[in-house]
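The values are calculated or read from the model by the stated rules, or taken from the named source; none is laboratory data. Everything numeric here is computed off the predicted structure, so don't read it as measured data. Cβ atoms come from the backbone with ideal geometry, glycine included; neighbour counts cover every protein chain shown.
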Amino acid sequence: MSSVCYPAIHRVFACVLIVGLAACSSQPSWVKTGSTEFHQDDETAFYGVGAVAGVKNAPLAWEVAENRARAELARHLETYTAYLMRDYAAATGTGSIEKVTEEQDIERAIKTFTARTLHGVRPVDRYYNEDETSYYVLVKLPFEQVKTELERDPTLPSGLRSHIKQHAEEAFKRLEQEEAEREQEE
């Protein structure tokens, strides 16, 4: 009778081990979601995700991923974009519609630049994907810290500063309401 129980125990143990290992190796949702702002654990915050692949030096890879996450967060808060488009078109003919020569040249150039000092950004999670040899870091900047930074920013006119703070708070409240409504629908 005891020989019959051991295979059953081994099967149960193997299933528990497989499920446990699968849960440990699953990718966090923030890896796919990327940088965003959302409300979690009774705190509204901005999040940045950084990644690096193919770096064999693990401490260096973690540092690069964290720096990229900070840069991604800064990019979402402030980005200068310069856009240039040149469009040239010409049609030349000799009197007959069949003998018209057309030419066109379209150029587009976009340049983005971000430079921002961020205080209070801290890493909150890390993930290593062994299959891709990719390192991921999630950083967080609490919304209260963003408001403090706006108050300190000497480049913003005071009227614009208060307008941004007021509307940002309203936007987060609307986002929370939409999330609550979506959860009720599911």
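A few comments on the model shown:
- Scanning the range 29-55 for residues that are of a type outside the set (Gly, Ala, Ser), closer than 15 Å to ASN67 by Cα and either part of a strand (DSSP E or B) or modelled with pLDDT under 90 (or both) yields a total of 3.
- Selection of the range 107-147 for residues being surrounded by 14 or more Cβ atoms within 10 Å (Cβ to Cβ) and more than 30 Å from SER26 (Cα to Cα) yields THR114, ARG116, LEU118, GLN145, VAL146, LYS147.
- So ASP153, is it surrounded by 13 or more Cβ atoms within 10 Å (Cβ to Cβ) and without any contact (Cβ under 8 Å) to a residue 40 or more places away in the chain: yes
- All of (1) closer than 26 Å to GLU149 by Cα; (2) touching a residue at least 40 places away in the same chain (Cβ under 8 Å) hold for VAL52 with one exception: (1).
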